[in-house]
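Let me begin by presenting the structure, written as structure tokens, before commenting on it.
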Amino acid sequence: MRVLVIGAGVIGAAVAAGLTRRGAWVTVLDQRFPGAGTTGTSFAWVNANAKDPEDYFTLNHTAVHAYHALGGDGFVPTGHLEWANGETRRLELSARVERLRDRGYAVERITARRAAELEPDLAAQPDATDYVLFPEEGHVIPAVLLARLLGEARDRGARVETGAAVREITSGRGGVSVTLADGGVRAADVLVCCAGRWTGGLVDVPVLDPRVSGAVTNGFLVTTTPVPARLGRVLTSDRLNVRPDGGGRLLLQALDLDGAADPETRPPDDVGAEMIARLPEVLSATEGVRVEHTRVGQRAMPTDRRTVAGFTDSAARVYTVVTHSGITLAPLLGDLVAGEVYGKESALLRPFRPARFAVPAPAAAPETECPAQDRG
């Protein structure tokens, strides 16, 4: 089977790898270069924490397990430590812990002493603070994971064409073809669109425009200079989320600042300064740390805020995947989508079909994210 994959981000790379495992001849097309889109602007936290409704939680929970089965480069399975102080935050965290336990999710209430053993440079918190460990969660260094997935696909014969901007898709009973911006044409038996936030310009799936839709799709990410502080896992609190970012650097996120995030303008200097000012609330031993880079993370968000996975044309030649949990879901989706292209329907993906946009339907409960969203 010949398959075209549009998009060389982490979803497209995972799908390409999954297809080549099944023997497909795959060509990946990207308008820029691998990882240039949403994958490169992601907090990259692998989790199913606070993700609702039930079908979306189940998809993400299965994806967390898929990462552990994947092993190897790219995934750092050190867990996630969250704490809450203040009555409102403690009640919210407690309710979430009980809900996750009922769903069979790995979660542990721990003491302040245990938290300090796990993270020796954790900043001291008030005595009434509640600590929770999510041991199966982790984080990803996106470029490393992307290299692994694309490398696997290439090793099995996949071709990756960069600078290949797709302008039109044509499908029919005989197959599918795409016309590129330079006038070139590529043909195949099936196409899988993994174009992220550019999806709506190629197929009939409505996606929010991240240039105008505010904090729903946009948020600031700050990379620090290298700092000699010990940190092994994702840390989240009500004011700052932190994870290791390689080479001693930290990646910071503060969701309450995201309302000012605009991908069309340079991030204001005070955003990075504010996150650095909050860092001692989370980690000690960060003296002298500075902002190395501030960027606006952008997520691919369908208009009803629910993941999309399925064929979007009557001939079943164009399969579309778009999700705002791309990092978490990528390895699982790579396998499930490849299976569906080869005719094996996935029960996990059945609730997320794009056909729901074809007819009016009652508003569904939106999928929700944890306090530090994938942004990938």
Applied in sequence order to segment 178-189, the curve 6.51 cos²θ - 1.76 cosθ + 1.60 (Karplus, θ = phi - 60°) yields integer Hz couplings, x standing for Gly and Pro, of 10, 9, 8, 4, 8, x, x, 10, 10, 10, 7, 7
State the percentage of accessible surface on the chain attributable to carbon and sulfur atoms; use a 1.4 Å probe and exclude ligands, DNA and RNA. 51
Where is the GNM fluctuation largest for the chain (alpha-carbon springs, 10 angstrom cutoff): A95, A63, A330? A95
May I ask you to evaluate 6.51 cos²θ - 1.76 cosθ + 1.60, the Karplus curve with θ = phi - 60°, for each residue of segment 336-348 and list the ³J(HN,Hα) values in order in whole Hz, giving x for glycine and proline? 5, 5, 4, x, 5, 4, 8, x, 9, 5, 9, 5, 5
Quick one: what are the phi-derived ³J(HN,Hα) couplings along segment 266-282, Karplus 6.51/-1.76/1.60 with θ = phi - 60°, whole Hz, x for glycine and proline? 5, x, x, 4, 5, 5, x, 4, 5, 5, 4, 5, 7, 4, x, 5, 10
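Run the numbers for R305 and S284: contour at 0.36 nm per residue of separation, minus the present Cα-Cα distance, in nm. Write out the running numbers ahead of the final one.
Numbers: separation 21, 0.36 × 21 = 7.56 nm, distance 3.72 nm.
Answer, rounded to one decimal: 3.8 nm.
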At a Förster radius of 22 Å, what calculated FRET efficiency corresponds to the Cβ-Cβ distance of D182 and W25, to the nearest 0.05? 0.50
Taking H placed 1.01 Å from N in the peptide plane, check which residues at least 5 places from V28 or on another chain put their amide H under 5 Å from its amide H. V5, R159, V160, E161
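Where a ≥ b ≥ c are the square roots of the eigenvalues of the C-alpha gyration tensor, would you call segment 1-54 rounded, which needs a/c under 1.5, or, failing that, prolate if a/b is larger than b/c, or oblate? Display every interim value, and only then the final one.
Values: a/c = 3.06, a/b = 1.50, b/c = 2.04.
Oblate.
Suppose R0 equals 22 Å; then what is the FRET efficiency for A215 and R266 from their Cβ-Cβ distance, rounded to the nearest 0.05? Numbers along the way, then the final one.
Numbers: r = 18 Å, r/R0 = 0.81.
According to the calculation, E is roughly 0.80.
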Residue list for segment 268-304, given a label point 7 angstrom along the Cα-to-Cβ vector of R32 and an amide N cut-off under 15 Å: 294-300
Starting from the 7 Å offset along Cα-to-Cβ, what nm value, one decimal, do you get for the label separation of T225 and A273? 1.6
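With the contact rule set at Cα under 8 Å and sequence spacing of 6 or more, what percent relative contact order holds for the chain?
On the way: 853 pairs, mean separation 100.7, N = 376.
Worked out over the chain, it gives 27 percent.
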Can you give the accessible area per residue of the chain, in Å², using a 1.4 Å probe? 40
Going 7 Å from the Cα of T170 along its beta-carbon direction, which residues of segment 312-355 have the amide nitrogen within less than 20 Å of the resulting point? 312-319
Could you give the nm distance between label points at H68 and E161, where each point is 7 Å from its Cα heading toward the beta carbon? 4.1
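The values are calculated or read from the model by the stated rules, or taken from the named source; none is laboratory data. Quick caveat: nothing in here was measured; it's all calculated off a predicted structure. With ideal geometry, Cβ positions are generated from the backbone for all residues, glycine too; neighbour counts draw on all protein chains shown. Quick note on the areas: whole protein, heavy atoms, side chains included, nothing else; ligands and nucleic acids left out. Shrake-Rupley method; radii C 1.70, N 1.55, O 1.52, S 1.80 Å.
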